Amino acid sequence: MQKRKLGSSNLEVSALGLGCMGMSYGYGPAHDKKEMISVIRSAVEHGVTFFDTAEIYGPFTNEELVGEALAPFREQVVIATKFGRLSTSVFPKQACKRSVVRTPFSP
């Protein structure tokens, strides 16, 4: 799997990422949790290290799904999450802290 550096940081991710929204939100009913965990873990086994989620997906359940699925790989992967629509009255730092609790990866 090819890799890409993100911006001017030393953070490197797979050139191919996995957007996880449709697993629990957006395209009809949520899919089976065990099956989606298997899909996410299979992606890691095939070299994917970049996963996308957001607090709005579910809401919150997609971040929890992705966090649970990737917990055994926490040192090998990067999770990109977004906030805003549900956090309009919350400062960005607080929204990020809540995402860390749901994923549960250290910042």
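The values are calculated or read from the model by the stated rules, or taken from the named source; none is laboratory data. All figures in this text were calculated on a predicted structure; none of them were measured in a lab. A quick note on method: Cβ atoms are made from the backbone with ideal geometry, for glycine too, and the neighbour counts reach across all protein chains shown.
Of all the listed residues (A30, A43, A54, A71), the sole one being surrounded by fewer than 17 Cβ atoms within 10 Å (Cβ to Cβ), hydrophobic (A, V, I, L, M, F, W, C) and either more than 10 Å from the chain's Cα centre (by Cα) or outside any helix (DSSP H, G or I) (or both) is A71.
For region 43-86, the set of residues classified as among the hydroxyl-bearing types (S, T, Y), closer than 11 Å to M21 by Cα and touching a strand residue (DSSP E or B) at 6+ places or on another chain (Cβ under 7 Å) consists of T53 only.
Comparison of K93, K97 shows that the only residue that is in a helix (DSSP H, G or I), surrounded by 12 or more Cβ atoms within 10 Å (Cβ to Cβ), over 12 Å from the mean Cα position of the chain (by Cα) and modelled with pLDDT under 95 is K97.
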